[in-house]
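Participant: Pasting a structure here, questions to come.
Just so it is clear, none of the values below were taken in a lab; they were calculated from the coordinates. These figures come from a predicted structure and were not determined experimentally. Neighbour counts are summed over all protein chains in view; Cβ atoms, including those assigned to glycine, are modelled from backbone coordinates with ideal geometry.
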Amino acid sequence: MYRIFLIIYLLIININNVVSDEVRIEFKIDNEIVTNVDIEREYSYLTALNTSLRSLEKKKANEIAKSSVIKEIIKKNELKKYYNLNQDQEYMAEIVKNFYERLDIKNEKDFETYLLQYGLKLDNVKKKLEIEALWNEFIYKKYKGQINIDEDKLRKILKEKLKNNNDIQKSYLLSEIFFNEKNTKELNNKYNLINKSIKEIGFENTANKYSQSDSARDGGNIDWVKDSQLSNILKDQIVNLKIGEHSKMITVPGGFLVIKVNDIKEEKVKKNFEKEFKRLITYEQNRLLNQFSIIYFNRIKQNSDLSEK
């Protein structure tokens, strides 16, 4: 009998040791504890969006996942002041659908199967998508009165672009790294660090790690952008880039950009000025809202209590 109890006791000790080895506290932010398991789960989520992350060494991948977890918790805690989470299921169904369609997945069932390959559950991903969706809604409501777009100026620019287009519409599949440093020396150091990182781990992984834009989660992907939607500053920087190449540092309102051209396509289209103008307005609105999002997030991040363990 003693031997049986001894074996059971040793088993319990071994199980506890395994658990303590596998689960450990990494840091605490605003009274929320984050473990290595949370970081592993975030890594799996980011990998599902950007498979190139799997090529990274574990330490660098964990740094990216950790930064992503911190960003999500800060956003979630801020949103709790204004929203009740886990509410509108119909609203979330549309968000989820838009999300998996961007990954070229046909339906929710296939999406669920896809997530299982990364050890993820659909309900957990829905919570993450809800935070991002509500954050965008929150930023829009907060700053919509400050979105000032010179429509007359945009109309003139668009007319000139369409006049020289010869019915051929050029579009670019772009990715971005957005960053901001006030000190000139720090800015140059940051840019050199980003350039070095792109060479070592690729553009998408570098965007995950260094970009302050919300697109960082998707490896900096900002989808297809029509030639007519690009500002002259951006167009001048990318027009001579080949597929797979990235730009030098571009100064834009609110910070700095490095742009990568992932693909280029040309289509013969029938000119529709009003349709193109609406797209251009939407693009400008989203660009400004992204800037406001970064500014607001950096402000509340400074007030967050982050303690390493």
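Participant: Could you list the residues of region 69-89 with an amide nitrogen less than 20 Å from a label point located 7 Å from the Cα of Glu112 in the Cα-to-C-beta direction?
Facilitator: So the set is 86-89.
Participant: Once label points are set 7 Å from the Cα along Cα→Cβ at both Ile33 and Asn189, what is their separation, rounded to one decimal in nm?
Facilitator: Rounded to a tenth, the inter-label distance reads 3.5 nm.
Participant: Here's something else I'd like to know. How large, in Å, is region 107-185 by the Kirkwood hydrodynamic radius built from its alpha-carbon pairs?
Facilitator: About 18.1 Å, per the Kirkwood formula over Cα pairs.
Participant: Something else about it: Determine one quarter of the surface area of the Cα convex hull of the chain, which equals its mean projected area, and express it in nm² to one decimal.
Facilitator: That works out to 21.1 nm², a quarter of the Cα hull's surface.
Participant: I would also like to ask the following. Using only alpha carbon positions, build the gyration tensor of region 151-302, then give the equivalent ellipsoid semi-axes as the square roots of 5 times its eigenvalues, largest first, whole angstrom.
Facilitator: Semi-axes (√(5λ), whole Å): 28, 18, 13.
Participant: Over the chain, with a Gaussian network built from C-alpha contacts below 10 Å, which listed residue (Asn262, Asn189, Asn221) shows the highest mean-square fluctuation?
Facilitator: Of Asn262, Asn189, Asn221, the Gaussian network model singles out Asn189 as fluctuating most.
Participant: Same structure, new question: What net charge do the residues around Ile198 carry, taking every other residue with its C-beta under 14 Å from that of Ile198, with Lys and Arg at +1 and Asp and Glu at -1?
Facilitator: Residues close to Ile198 contribute a combined charge of +3.
Participant: Can you tell me how much longer the chain between Glu151 and Asn136 gets when fully stretched, taken as 0.36 nm per residue apart minus their C-alpha distance, in nm with one decimal?
Facilitator: Contour length minus Cα-Cα distance gives 3.1 nm.
Participant: Run through every distinct alpha carbon pair of region 21-122 and return the Kirkwood hydrodynamic radius in angstroms, one decimal place.
Facilitator: 15.3 Å
Participant: If each DSSP helix of 4+ residues adds -39,500 (n - 2.57) and the sum is divided by the residues in the chain, what number results at 222 nm, nearest 500 deg cm²/dmol?
Facilitator: -19000 deg cm²/dmol, from helical runs alone.
Participant: So between Tyr82 and Asp104, what do we pick up on full extension, going 0.36 nm a residue minus the alpha carbon distance?
Facilitator: Computed gain between Tyr82 and Asp104 is 4.6 nm.
Participant: Please work out the Cα center distance from region 284-307 to region 63-80, rounded to the nearest Å.
Facilitator: About 12 Å separates the Cα centre of region 284-307 from the one of region 63-80.
Participant: Here is a follow-up. Run through all the Cα pairs of region 97-140 and give the fraction in each 10 Å bin from 0, expressed as whole percent.
Facilitator: P(r) over region 97-140, rounded to whole percents: 27, 51, 19, 3.
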